[in-house]
Amino acid sequence: MAASLPFGGAVAQEPITAAVDPFSAWRELGQLTARAVDLGISVPRMTAQINIDDDRDYAQIMPAGVELIESLERPDPRRLVQPGEVEKLLEAADELLRKVHLAERNLPDERETGMSITATPGRPSFTDIKDDYRRLFDRCTVREKHRSTVNWYMSKLSNEGYQARWYKVAQEICCPWYFVAIIHAMEAAFNFRSHLHNGDSLRQRTRRIPRNRPKVWSPPNDWQTSAVDALRFDGFQDLKDWSLERMLHRWESYNGFRSRRNGINTPYLWSFSNHYAKGKFVADNVWDPNAVSKQCGAAVLLRVLVDRKLIRLDA
């Protein structure tokens with residue numbers, strides 16, 4: 001995929017002061033991988049072909065970053081290095097993944113939270129749009145050029161170790177495990193070192209919207225407690241209706257309805273599908289009708305899970 005859109009701009013309420021272009025991000029990832037290899041750590045995705053002479057966009061950098069972190073976290077009794085050396089690499093890989101993920105997201109400052117279905121200016125009611133969700137979902141197909149990336153997302157969503165962690169959160173909230181999993185993909189690039197609220201580091205409470213969550217926090221390692229707090233904060237706990245339409249409305253509410261005001265189906269749900277071609281926020285309150293999301297949409301991930309019979313939705 002061509003890297004036509006450089007990373008940069010602003011996320012939530014905190015601007016990114018330095019542009020994060022794909023070339024420099026890929027180069028840094030290559031350097032971290034080389035350091036891991038020097039320590040005797042296998043990083044298959046990166047070491048198969050490390051080539052930093054061309055641009056790489058988010059759809060390639062994000063999977064490589066996730067799998068570098070997985071390689072570093074994987075226990076290996078044959079390693080002859082001090083744990084502190086691996087932890088330093090983990091922190092660097094974690095920050096790089098978070099940086100490119102947040103830059104790609106470019107969240108508008110007016111992110112909407114809370115599960116009220118009452119329509120407010122610019123926020124449609126569930127009743128007004130529920131039929132659109134069903135119609136779009138039934139006709140949703142993955143664009144051919146994105147199939148390999150979607151396959152990578154599916155490899156993570158079907159990972160038993162990941163599923164066990166999502167399922168524990170889902171049990172506390174009383175929601176489907178895949179609802180948690182897809183939010184984790186969208187908000188934190190599958191990074192268990194990040195808050196589910198918005199992808200901020202677990203080393204402290206959240207800095208971006210929603211700020212200062214969880215209210216009581218003992219960093220840095222309790223992902224599950226933070227994830228439960230994120231879902232409770234947005235009112236997802238103990239809800240009875242987990243139909244397709246309700247889930248899509250909750251995901252869109254989680255991210256906001258502002259794409260609708262610009263006349264397109266939100267990429268948060270429909271990116272990589274036949275229902276989305278272009279248009280996204282590239283900086284705080286800056287809409288670019290020609291910019292293209294490089295992140296797979298939540299509804300698309302759900303569609304593929306259903307198509308592959310990995311889950312079955314309630315009628």
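A few notes on this one:
- Dipole of segment 126-307, positive direction: furthest Cα of 228, 271, 158, with charges on the beta-carbon: 271
- Ranked 183, 41, criterion: other C-beta atoms within 10 Å, fewest first: 41, 183
- If R0 equals 25 Å, the separation of the Cβ atoms of residue 262 and residue 138 corresponds to a calculated FRET efficiency of about 0.55.
- Point-charge dipole on Cβ atoms (K/R +1, D/E -1) for segment 126-307, about Cα centre, debye to 20: 440 debye
- Maximal additional length on extending the residue 171-residue 127 stretch stands at 13.0 nm, based on 0.36 nm per residue less the C-alpha distance.
- For segment 202-208, 3J(HN,Hα) per residue [Karplus equation, 6.51 cos²θ - 1.76 cosθ + 1.60, θ = phi - 60°, Hz, x = Gly/Pro]: 6, 5, 7, 5, 4, 9, 9
- Fully extended contour minus Cα-Cα distance, from residue 287 to residue 158, at 0.36 nm per residue: 43.0 nm
A short reminder: the numbers here are calculations on the coordinates, not readings from a lab. Please read all numbers here as calculations on a predicted model, not as lab measurements. Neighbour counts run over all protein chains shown; Cβ positions are idealised from the backbone, glycine included.
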